[in-house]
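What follows is a set of notes on a single structure, which appears directly below.
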């Protein structure tokens, strides 16, 4: 056993006893994998998988970045002791939960009205306050907001919510949905397009009926979204023993539908709420590590895609610092912990996927950025563009570069019309394949939590994703600001049963 360093975590048994107890932990390597070992004075020691490949872990950790303090982000709630002093990553994406109602009964989730026994559904006024809260934080604030649930399409005022998010200043607005409403009504898809929504995040747990009971709906939803020219990202929740073996086939499905699918965003099953008490053997069987996901992709594509093509989230941060310096456009800092997840972009070349790292010398570009990002003086933008253009031959392997990719043109447009417009064509020619590896009380690393870049805007303040779900704060917030199902039915004159899709049991 090789000890790699110390960190802090929480005791999972104390958590089950309604206490958040911070305890010491250490990371160690054994047989090529990274593990977390932590010990509670009361409940003993716990060992959990942290990262499944030592070589990838060591490569990713070289890209660790630290952002600026963001005092608006809550480090604790409900009189719990803070787990750390101050958050050090600003929101890259802010979630806004607008309802916990759903049109399928779904999994046994404490955040789902079917199982919780209460309805969480803030008014438009309350939601506007939450949107303002998300936008008004430490500059430059959050640029992207995700409208989530429950099932957001159950709200009749969804289009007003989307419009308000745009008016308040979010440049990127997306909804997370199971896709049923989109499959049933192409006009609804057009209304979303007309409302200015940027992306649909659609649940998509597999390519077979066994792994994805809604597969026929998802295919129909894609057809409708294609017809109205609205982009979608597929969001599979991976569970060991259920669908992790289809990770590669999901990517292939996305490539086959690249004219409407902009990306695949894998999420692992996290052991939150009522499933915190899952026994150790079942938890280990269902736990999915990033490497298990990428192994399925490697097997499906046989050398065309590998784990070496993936880079961690903070790989973008040096580039964004350089853009901010040269364009004077405020940029969001991508300072998530490297182990929060990673991604790649795939081009199609001669009918085969080509990861961007196969023709871009990523490390050479990063070295250029680090050498230049602190320079100052007159005509800085032009001087940097000249230096970049002069070095371009060392950045790109021309014989491998797909047709239509012009790094020099991207740099020129970034300098003249801004990064958002310069990268738009790039995004529409590629498929994003990435992941966010969220935490629970069994594998929580407080250093990682402190750098979380995906947050929730709530009536209790802005809360990191892994606190909202992994530490149970989301459930407590929903309970506090909800009404009973009976009260909601009396108030609205509707029954919760009315929400169920007529075709889905």
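Counting only helices (runs of 4 or more DSSP H) that sit completely within region 305-392, those holding 1 or more residues that are in the same structural domain as residue 144 (by TED's automatic domain parsing) and more than 27 Å from the chain's Cα centre (by Cα) correspond to 317-327. Residues that are under 29 Å from residue 444 (Cβ atoms), modelled with pLDDT under 95 and in a helix (DSSP H, G or I) do not occur anywhere in region 256-269. Residues in region 191-199 include at least one that is crowded, with 16+ Cβ neighbours inside 10 Å, under 18 Å from the mean Cα position of the chain (by Cα) and in contact (Cβ under 8 Å) with a residue 40 or more places away in the chain. Meeting the requirement of 1 or more residues that are surrounded by 18 or more Cβ atoms within 10 Å (Cβ to Cβ), modelled with pLDDT under 95 and touching a strand residue (DSSP E or B) at 6+ places or on another chain (Cβ under 6 Å), the helices (runs of 4 or more DSSP H) wholly within region 29-137 are 113-116, 124-135.
For region 442-456, which residues satisfy the criterion of being farther than 26 Å from residue 135 by Cα and surrounded by 24 or more Cβ atoms within 10 Å (Cβ to Cβ)? Once the filter is applied, which keeps residues that are farther than 26 Å from residue 135 by Cα and surrounded by 24 or more Cβ atoms within 10 Å (Cβ to Cβ), region 442-456 yields 442, 443, 444.
One residue is enough: does region 148-156 have a residue meeting the conditions closer than 30 Å to residue 247 by Cα, at pLDDT below 95 and surrounded by fewer than 19 Cβ atoms within 10 Å (Cβ to Cβ)? No.
Each row is one residue, and each column tells you yes or no for (1) free of Cβ contacts under 8 Å to residues at least 24 places away in the same chain; (2) under 17 Å from residue 310 (Cα atoms); (3) surrounded by fewer than 22 Cβ atoms within 10 Å (Cβ to Cβ); (4) in contact with a helix residue (DSSP H, G or I) (Cβ under 6 Å, 6 or more places away or on another chain).
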{"site": "240", "(1), (2), (3), (4)": "no, no, yes, yes"}
{"site": "247", "(1), (2), (3), (4)": "no, yes, no, yes"}
{"site": "251", "(1), (2), (3), (4)": "no, yes, no, yes"}
{"site": "272", "(1), (2), (3), (4)": "no, no, no, no"}
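Would you check if residue 123 is free of Cβ contacts under 8 Å to residues at least 12 places away in the same chain and over 28 Å from residue 319 (Cα atoms)? Taking the combined requirement at face value, the residue satisfies it. Consider region 14-28 and keep the residues that are outside any helix (DSSP H, G or I) and touching a residue at least 24 places away in the same chain (Cβ under 8 Å). The one that is surrounded by the most Cβ atoms within 10 Å (Cβ to Cβ) is 25.
The values are calculated or read from the model by the stated rules, or taken from the named source; none is laboratory data. Computed from a predicted model, the values in this text were never measured in an experiment. Because the Cβ atoms are built from the backbone with ideal geometry, glycine has one as well, and the counts that use them run over all protein chains shown.
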